[in-house]
Amino acid sequence: MTRLLRLGLLLTLLVAASGCQYIARLTPARSGAPGEPIPQVVVDTRGTEFKVPGKIAFAREGNLWMIEDGVTRQLTKGGKDMQPAWSPDGTVIAYVKKEQDYSDILLYVVGTGDFKPLTNNRFAKSTWVFRPTWSPDGKQIAYVSDQFSWDMGLYLMNATGTGARRLTQGEGSGGVDSPTWSPDGKTVALAAFRSGTQQVWLFTPATGRWTQVTSHPEGAYDPRWSPIEDKLAYTAREDRKNDIWVTDLEGKSKKRLTTLGAARAPAWSPDGKFLAWIAEQNGSFDIWAATVDRFDGEIVLGTPAKLTNGLQVDPTSGLSWLY
């Protein structure tokens with residue numbers, strides 16, 4: 001089976017179910033052709049019923065977008081961009097540019113529209129890289145790739161694009177997806193097929209140790225580590241429906257948080273006081289959010305509300321939240 005076909009199958013399955021110190025070393029190029037203005041498409045959503053602090057990056061129609069204070073703004077154009085991830089200091093967004101038979105990870109420089117490629121797979125056909133995820137200190141980026149393999153493995157590179165190396169082995173038939181760092185930067189949670197069905201696992205790079213967290217019969221994916229505690233938000237499939245769940249790191253206190261039936265891609269606010277996700281309702285994928293309360297260690301969501309309405313957000317790209 002070709003890598004391109006495996007990529008298509010992986011994406012179909014998914015739909016169904018810091019720092020300033022390195023900016024000075026970048027040699028940016030313009031995000032468009034010379035003299036071409038940075039897109040200024042703006043969608044005013046201030047009439048929605050719920051507001052959240054900070055900025056949430058997401059993808060729509062192959063371009064990067066951002067929502068801030070109820071205003072949604074397009075950042076890139078070209079129809080090939082996906083999976084944005086804010087750097088911890090908010091100066092750049094790492095993202096994936098998907099071409100016909102390969103993909104690359106780039107940095108979008110906020111405020112200027114410049115970009116800097118971190119990988120160069122143009123001449124390494126059928127090499128795919130996805131899911132850039134910043135380490136808490138902003139010095140490294142974890143991602144998944146099928147380079148030198150038939151399945152997606154976990155890779156790590158410096159924030160300048162140097163020193164790329166594979167971290168995992170034995171991920172299971174189907175590989176890994178959606179890495180997310182622990183707040184101390186010592187462990188990565190990710191979705192993997194090590195038990196046959198895609199589940200949430202923990203991986204410790206220093207020791208190579210794997211620990212299974214979830215065991216949903218129909219699978220689990222899209223983990224996201226809480227920024228203030230040892231809990232994971234994730235998506236689980238139950239009765240062919242997808243909703244947001246939360247669990248401790250042992251998987252002993254899992255709890256369903258949403259009942260929408262078509263929700264995925266949870267994202268915590270940086271202070272852990274809000275949770276956002278992408279869900280389908282009335283034929284459109286939109287961004288939802290709710291307050292997060294804690295009672296004796298238990299997570300309780302407030303009433304969910306939409307941040308966008310009819311925007312057709314890309315559900316496979318996820319969300320990235322910055323204060």
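A few notes on this one:
- Considering the range 141-159, and only residues there that are aliphatic (A, V, I, L, M) and under 16 Å from the mean Cα position of the chain (by Cα), the residue that is nearest to F203 (Cα to Cα) turns out to be L154.
- Residue match in the range 181-193 (condition: polar (S, T, N, Q), assigned to a strand (DSSP E or B) and either modelled with pLDDT of 95 or more or surrounded by 15 or more Cβ atoms within 10 Å (Cβ to Cβ) (or both)): no
- Unmet criterion (only one of (1) among the charged types (D, E, K, R); (2) in contact with a Lys or Arg (Cβ under 9 Å, 6 or more places away or on another chain); (3) buried (at least 22 other Cβ atoms within 10 Å of the Cβ)) for R224: (2)
- Scanning the range 170-180 for residues that are touching a Ser or Thr at 6+ places or on another chain (Cβ under 9 Å) and surrounded by fewer than 19 Cβ atoms within 10 Å (Cβ to Cβ) gives a single hit, G172.
- Some residue of the range 115-127 being closer than 26 Å to V200 by Cα and surrounded by 19 or more Cβ atoms within 10 Å (Cβ to Cβ): yes
- Scanning the range 278-297 for residues that are more than 22 Å from R60 (Cα to Cα) and crowded, with 21+ Cβ neighbours inside 10 Å returns a single hit, V292.
- Residue check for D81: at pLDDT 95 or above, among the charged types (D, E, K, R) and surrounded by 22 or more Cβ atoms within 10 Å (Cβ to Cβ): yes
- Count - residues of the range 266-308 that are touching an Asp or Glu at 6+ places or on another chain (Cβ under 6 Å) and closer than 28 Å to V96 by Cβ: 2
- Selection count, the range 199-240, where residues are part of a strand (DSSP E or B) and under 18 Å from the mean Cα position of the chain (by Cα): 17
- Per the conditions (1) assigned to a strand (DSSP E or B); (2) within 18 Å of the chain's Cα centre (by Cα), the sole criterion not satisfied by G138 is (1).
- Among (1) modelled with pLDDT of 95 or more; (2) outside any strand (DSSP E or B); (3) under 15 Å from the mean Cα position of the chain (by Cα) - the single one L14 does not satisfy: (1)
- Where S178 falls short, out of the listed (1) among the polar types (S, T, N, Q); (2) more than 19 Å from Y102 (Cα to Cα); (3) modelled with pLDDT of 95 or more: (2)
- You will find that of G272, G196, the residue that is outside any strand (DSSP E or B) and within 18 Å of the chain's Cα centre (by Cα) is G272 and no other.
- Filtered residues of the range 249-267 (kept if of a type outside the set (S, T, Y) and in contact with a strand residue (DSSP E or B) (Cβ under 6 Å, 6 or more places away or on another chain)): K254, K255, R256, L257, L260, G261, A262, A263, R264, A265, P266, A267
The values are calculated or read from the model by the stated rules, or taken from the named source; none is laboratory data. What you see is a predicted model; the values in this text were computed from it and never measured. Note that we place each Cβ from the backbone using ideal geometry, even for glycine, and neighbour counts take in every protein chain shown.
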